[in-house]
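J.: Provided herewith is a single structure, encoded as structure tokens, for subsequent inquiry.
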Amino acid sequence: MGEKSIPSYLAGHLLVAMPQMQDPRFERTVIYLCAHSADGAMGLVVNKLFEALTFPDLLQQLNIETSSKAQQIRVHAGGPVESGRGFVLHTDDYVHDGTLVVNTGFALTATLDILKAIAVGEGPQHSLLALGYSGWGPGQLESEITANGWLTVPADPTIVFDASLDSKWERALGKLGVNLTSLSGQAGHA
């Protein structure tokens with residue numbers, strides 16, 4: 001298998017941790033990259049839950065009223081940076097002030113307005129709430145990819161928004177046609 005060039009910017013892609021990922025915070029993670037530029041990268045882990053808090057608990061803490069139409073979404077652990085800050089990754093059918101449209105089908109909003117909309121059943125069709133995010137400084141993500149820390153694949157809404165967290169990592173690898181037994185930690189080898 002030959003060397004693959006890294007696309008210049010990967011916003012809208014999934015980062016899939018290689019099996020030999022040494023950092024336990026990112027072991028077997030799938031991260032949706034919301035932003036990627038020369039200044040660095042930002043993404044949300046889409047396959048790990050924030051166990052200490054439920055969506056109804058969060059709404060109650062924020063004094064947000066709910067209705068019977070409220071969508072029940074789970075709270076994900078988006079990454080180790082600013083773990084008290086919330087982000088909603090969602091389908092692009094909801095775009096308001098403060099929404100960043102990442103690419104076709106995906107947008108990111110970090111305002112209370114989207115939580116209020118979800119609480120009354122007026123939010124986006126699909127959404128994922130994450131506390132915290134994963135961040136990289138200039139050139140850091142590119143170095144980790146070159147060192148075989150991550151594989152990249154275009155984002156798939158069925159993987160990102162699906163409730164079956166346990167299989168997201170395998171399904172993301174499967175989109176690349178990767179067999180787990182053939183992966184190697186050495187650059188340029190499968």
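Every number in this text was worked out from the coordinates using simple rules, so none of it is lab data. Remember, predicted model here, so these are calculated numbers, not experimental data. Because the Cβ atoms are built from the backbone with ideal geometry, glycine has one as well, and the counts that use them run over all protein chains shown.
J.: Based on Cα positions only, what radius of gyration and what Dmax would you give for region 101-171, in angstroms?
T.: Gyration radius and largest Cα-Cα distance of region 101-171: 15.1, 45 Å.
J.: Calculate the spin-label point distance for residue 60 paired with residue 9, positioning each point 7 Å from the Cα along the beta-carbon direction, and give it in nanometres.
T.: Here the modelled spin labels are 4.2 nm apart.
J.: Can I ask one more? How high is the relative contact order of the chain, in percent, counting Cα pairs under 8 Å that sit 6 or more residues apart?
T.: The normalised contact order for the chain reaches 28 percent.
J.: Here's something else I'd like to know. In nm, give the distance between the simple-model label positions of residue 53 and residue 100, each being 7 Å from the Cα along the Cα-to-Cβ direction.
T.: Between residue 53 and residue 100, the label points sit 1.9 nm apart.
J.: Based on the Cα gyration tensor of the chain, what are the three equivalent ellipsoid semi-axes, each the root of five times an eigenvalue, rounded to whole Å and given largest first?
T.: Working from the Cα gyration tensor, I get semi-axes of 30, 16, 15 Å.
J.: With only Lys, Arg, Asp and Glu charged, each at its Cβ (+1 for the first two, -1 for the last two), find how big the charge dipole of the chain is about the Cα centre; round to the nearest 20 debye.
T.: So the magnitude is around 300 debye.
J.: Let me ask something else about it. Percent relative contact order of region 23-106, based on C-alpha pairs within less than 8 angstrom and at least six residues apart?
T.: 25 percent
J.: Limiting things to C-alpha atoms, what are the Rg and the maximum Cα-Cα separation (Dmax) for region 65-123, in angstroms?
T.: Taking only Cα atoms of region 65-123, I get Rg and Dmax of 11.8, 33 Å.
J.: Moving on. FRET efficiency for residue 166 and residue 125, Cβ-Cβ distance as r, R0 = 22 Å, nearest 0.05?
T.: Calculated transfer efficiency: 0.40.
J.: While we're looking at this one, here's another question. Need one number: % antiparallel among DSSP beta bridges in the chain, to the nearest 5.
T.: 90 percent
J.: Here's something else I'd like to know. At 7 Å along Cα-to-Cβ for each site, give me the label-to-label distance between residue 68 and residue 142 in nm.
T.: Result: 5.6 nm between the two label points.
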